[in-house]
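The values are calculated or read from the model by the stated rules, or taken from the named source; none is laboratory data. Please read these numbers as outputs of a predicted model, since none were measured by experiment. Cβ sites come from the backbone with ideal geometry, for glycine too, and all protein chains shown count toward neighbours.
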Amino acid sequence: MFTRTELEFKSLRALRDLCLIQYGIQAIGNPADKASYINALLTFPVIACKQVSENKGLKSPIFSQVEALEATLEAMGTPTLEQSALLKVTIEGRKLEYPPRYSQEKLFGLYRVKWHLDTALEILGML
C-alpha cells in the first residue's frame, strides 16, 4: 500500500485529499496534524482485513442464499436460437423500430441479468 516515508513527503493537503477524497477515511486524531492522516493511511488496510476475518461489513452470502441465486438463474432459462440472434445484433448496436424495440430491450436486459448472475455465482464459487 503506502510506506511511511512515501507519505511523510506529502503535504498536509495532499494527505487530507488522499484520506477524505480519494479513499473516504478519517484522520486518526487531530486533523491539523500530518501524522493523523499518515496513521489513517497506514492502518486502514489492516483494519479492513481484520473486519473481513470478523465477518463485518461486506461478507459472503450463506449457502441457502447462493442456492437461491442458482435457482433464479435456472428459472431464467436459455435463449432460443432466434433470441440469441437478436441478442447478437443488439450487441452490435442495431435496434428495432418501436414497438418491437421494447421486447428487444427487455430481452437484452434479461440477458444482462443472467450474465451478471452467472458471473456472480462463478466468483462466489472461487471464494
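The set of residues from the stretch 1-40 being surrounded by 12 or more Cβ atoms within 10 Å (Cβ to Cβ) and β-branched (Val, Ile, Thr) comprises ILE25, ILE28, ILE38. Suppose the filter is of a type outside the set (Ser, Thr, Tyr), assigned to a helix (DSSP H, G or I) and in contact with a Pro (Cβ under 8 Å, 6 or more places away or on another chain); does ARG16 pass it? Yes. In the stretch 36-57, the residues that are at pLDDT 95 or above reach residues that are surrounded by fewer than 12 Cβ atoms within 10 Å (Cβ to Cβ) with C-beta atoms within less than 6 angstrom, at least six apart or across chains, in these pairs: SER36/ASN30; PRO45/MET1; GLN51/GLY57.
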